[in-house]
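Worksheet for the structure shown next.
The values are calculated or read from the model by the stated rules, or taken from the named source; none is laboratory data. Since the model is a prediction, treat every value here as computed from it, not as a measurement. With ideal geometry, Cβ positions are generated from the backbone for all residues, glycine too; neighbour counts draw on all protein chains shown.
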Amino acid sequence: MDAAAAELEIVWLSLRVAALSLALCVLPGIALGHLFARWTHPLRGLLQGLVMLPLVLPPVVTGYLLLWLLGRSRPLGQLWFSLTGTHVAYTTAACVVAAAVVGFPLLVESVRLSMLAVDPRLEQVSRTLGRGPFDTFLRVTLPLSLPGLLAGSVLFFARALGEFGATIVLAGNVAGETRTIPVAVYTLLSTRGGEAAVLRLVAMSVALALGALFGAAWLQARQRRREAR
Amino acid sequence: MRIAARVQQRFRGFSLDVAIASEGPVLGIFGASGSGKTSLLHAIAGLATPDAAEIRIGERVLCRQPRGRSLAPERRRLALVSQDPLLFPHRSVRANLGYAPGAAARLAAPAGARILELLGLAALLERSPRQLSGGEKQRVALGRALLSDPEILLLDEPTSALDAELAREVLALLRRTRSELGIPMLFVTHRAAELLALVDDCVVLEAGRVAAQGAPLEVLSRPQALGVANLVGVDNLLRLRVVRHDEDSGVSLLDLGAGECLAAPFGAAAAGSEIAVGFYADEVMLCAQRPQGISARNLIPCRVERIDAVAHEALVELAIGDHRIRARITPGAARELALEPGRALVAVIKTSAVHRLG
């Protein structure tokens, strides 16, 4: 495989990992964001702390905790084995898990804040007009917090593309399997003559990040235009 | 339709404990802010969970607490219109109107066309809520509530966020809604004039308790409770028969009894019918003799019944025709005129100070 093909493979893998982890997290992120915005149960604080933990823990520690939780002798690890027939460590799935866990708090928090900004009286009006709680959520709360969901998704995606600490512990550095852009840059930096490849990967990384930002801004502008009509 | 509600709920530093029953069809709930009006309305709508409650609309039990069922708001078949229109900002006027289950179909049917016409909404359908004025928004909110086909309309001070002119416009629409659609309403307000204009029966709330119940004019014109007196701004509220119209002079003459008439601004009410009018106690001037060469049309002989000193003002109760009215003057003026019960005076009231209420 020539260098260009190898670098394309790295970028492609990173994109796949980020997109897959985002796809996995969107629904739970919306659900938990809503729960944290509207639920008043005393257990909320505990659950919220647990979800937010990866945001404040060193990613390497998060990676180690995941490795321990998903280990061969742990219930979660055994469940994974019985479902997939493989062990999670050092596979592409491990990259997805690491990116998901580390990015999840950003998504949840962004959704939570935008749902907090939705006037609860609009939800009350919807209920008195005959729409049940789930219907009200789909018709009022979710559409009104769409900009927050979008912003959270962009943050999540960027964080997933850049995920390094938890990934290197849980997924390692397997070419074609777990070697994402940050892992590859780290490897190339300690390789003689890798500077050119590093520069190319860095350039692509910057391009992807800018693309995500502009894409989100464009979507938001479109949303605003539609609302203004 | 019979409305019966008994609601008890404790809040921090405030408790609501009321029992009301009314045949409606339009029941007014009157009280100052903090009297528990909105809490009561939210309990009826199912948006708050009272500690103890029994709420019935017609034959249906909406809530029986504790140990009993409580219907979710969406199953109570009532619609709430509050002070803020609370239109869904991400939906067009049409989509707002068609929001409730079945409302889109009703909107397309003759019944929907009637509501659109009544509220003047046809031209607004394709707009976004942000392109509407305050009065238009409230009209859309009213239309959205009516199109949900509720058994009763809950109105939580629907005019108080609007300026006086728009408030009158919305009130006029509510009156038309009442007469044309005949829908029962529960109308919360702190404006006495709105009660007179719209409701059949009226409950006065004070600090979470029922202070009075009865026909609005009765409740408001006998403010035993000081709270009510404060609220109505010591309005003079009268229900009078129209004697005749004098289009040339621009007045309608109303019978005060004992051969006296009150000149009110020219109105279209048929002679012989009764109308409610109000004017502020501040608008009544008192003269020792009948004044000469004055523009005010009402120079009516009266007699002092009582004088109450309230802070830095004197509230004078006067017998005028067969009615009682109040005048608010300064204590200095009361001294100078040597006011005392039994003293004969002439009350001077400008025609334009007399407002028609209902």
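Out of all the residues in region A:124-183, which are more than 8 Å from chain B (Cβ to nearest Cβ), basic (K, R) and not in a loop (DSSP other than H, G, I, E, B)?
If the condition is that a residue be more than 8 Å from chain B (Cβ to nearest Cβ), basic (K, R) and not in a loop (DSSP other than H, G, I, E, B), then A:R159 is the only one that fits.
Within region A:114-123, which residues are part of a helix (DSSP H, G or I) and either facing chain B (nearest Cβ under 8 Å) or not hydroxyl-bearing (S, T, Y) (or both)?
The answer is A:M115, A:L116, A:P120, A:R121, A:L122, A:E123.
Looking at region B:310-351, which of its residues are among the polar types (S, T, N, Q) and touching an Asp or Glu at 6+ places or on another chain (Cβ under 9 Å)?
B:T330
Cβ contacts < 9 Å: first residue within 9 Å of chain A (Cβ to nearest Cβ) and in contact (Cβ under 8 Å) with a residue 24 or more places away in the chain, restricted to region B:129-148; second residue outside any helix (DSSP H, G or I) and of a type in the set (D, E), any location; separation 6+ or different chain. Result?
B:A141/B:D84
List every residue pair whose Cβ atoms lie under 6 Å apart, where the two residues are 6 or more positions apart in sequence or sit on different chains, the first residue falls within region B:311-323 and is part of a strand (DSSP E or B), and the second residue, located anywhere, is modelled with pLDDT under 85 and among the acidic types (D, E).
From region B:311-323, the pairs are B:L315/B:D308.
Go through the residues of region B:29-49 one by one and say whether even a single one is part of a loop (DSSP other than H, G, I, E, B), over 21 Å from the mean Cα position of the chain (by Cα) and among the polar types (S, T, N, Q).
Yes, the conditions are met somewhere in region B:29-49.
Could you tell me how many of the residues in region A:58-71 are buried (at least 17 other Cβ atoms within 10 Å of the Cβ) and closer than 17 Å to A:G162 by Cβ?
Here the count works out to 3.
State whether the residues of region A:200-214 include one that is farther than 30 Å from B:P129 by Cβ, among the β-branched types (V, I, T) and either away from every other protein chain (no Cβ under 14 Å) or in contact with a helix residue (DSSP H, G or I) (Cβ under 9 Å, 6 or more places away or on another chain) (or both).
Yes.
Which of the residues that make up region A:44-83 are among the β-branched types (V, I, T) and under 23 Å from A:G33 (Cβ atoms)?
A:V51, A:V56, A:T62
Run B:L155 past the list (1) in contact (Cβ under 8 Å) with a residue 40 or more places away in the chain; (2) in a helix (DSSP H, G or I); (3) under 16 Å from the mean Cα position of the chain (by Cα) and report the number of the one that doesn't hold.
Unmet condition: (2).
Does region B:74-93 include one or more residues that are out of contact with any Leu (no Cβ under 9 Å at 6 or more places or on another chain) and surrounded by fewer than 16 Cβ atoms within 10 Å (Cβ to Cβ)?
no
Step by step: first the residues of region B:78-96, then only those that are at the interface with chain A (Cβ under 8 Å from one of its Cβ atoms) and touching a residue at least 60 places away in the same chain (Cβ under 8 Å), then the one that is farthest from B:D149 (Cα to Cα). Which residue is that?
B:D84
Could you list, in sequence order, the residues of region B:2-49 that are surrounded by fewer than 16 Cβ atoms within 10 Å (Cβ to Cβ), under 23 Å from A:R127 (Cβ atoms) and of a type outside the set (S, T, N, Q)?
B:A4, B:F11
Which condition breaks for B:R75 when tested against (1) charged (D, E, K, R); (2) within 14 Å of chain A (Cβ to nearest Cβ); (3) over 20 Å from A:P133 (Cα atoms)?
(3)
Only one of these conditions is not met by A:G132: (1) touching a Cys at 6+ places or on another chain (Cβ under 8 Å); (2) surrounded by fewer than 22 Cβ atoms within 10 Å (Cβ to Cβ); (3) not β-branched (V, I, T). Which number is it?
Status for A:G132: all satisfied but (1).
So which helices (runs of 4 or more DSSP H) stay within region A:1-79 end to end and still have 3 or more residues that are in contact with a Ser or Thr (Cβ under 7 Å, 6 or more places away or on another chain) and of a type in the set (A, V, I, L, M, F, W, C)?
Because the criterion is at least 3 residues that are in contact with a Ser or Thr (Cβ under 7 Å, 6 or more places away or on another chain) and of a type in the set (A, V, I, L, M, F, W, C), the helices (runs of 4 or more DSSP H) in region A:1-79 that meet it are A:3-38.
Within the bounds of region A:82-98, is there any residue that is among the polar types (S, T, N, Q), on the phi < 0 side of the Ramachandran plot and outside any helix (DSSP H, G or I)?
Scanning region A:82-98 turns up at least one residue that is among the polar types (S, T, N, Q), on the phi < 0 side of the Ramachandran plot and outside any helix (DSSP H, G or I).
Which of the residues that make up region B:50-76 are without any contact (Cβ under 8 Å) to a residue 40 or more places away in the chain and out of contact with any strand residue (DSSP E or B) (no Cβ under 7 Å at 6 or more places or on another chain)?
B:E59, B:V61, B:R67, B:G68, B:R69, B:A72, B:P73, B:E74, B:R75
Can you name the residue in region B:54-72 that is touching a Leu at 6+ places or on another chain (Cβ under 6 Å) and not in a loop (DSSP other than H, G, I, E, B) and, of all such residues, is nearest to the other protein chains (Cβ to nearest Cβ)?
The qualifying residue nearest to the other protein chains (Cβ to nearest Cβ) is B:L62.
For region A:189-220, name all the residues that are within 26 Å of A:A5 (Cβ to Cβ), polar (S, T, N, Q) and assigned to a helix (DSSP H, G or I).
Scanning region A:189-220 gives a single hit, A:S205.
From B:P129, B:P110, grab the single residue that is of a type outside the set (A, V, I, L, M) and buried (at least 20 other Cβ atoms within 10 Å of the Cβ).
Exactly one of B:P129, B:P110 is of a type outside the set (A, V, I, L, M) and buried (at least 20 other Cβ atoms within 10 Å of the Cβ), namely B:P129.
Would you mind telling me which numbered condition in (1) assigned to a helix (DSSP H, G or I); (2) crowded, with 20+ Cβ neighbours inside 10 Å; (3) within 14 Å of another protein chain (Cβ to nearest Cβ); (4) of a type outside the set (S, T, Y) A:Q223 fails?
Every condition holds for A:Q223 apart from (2).
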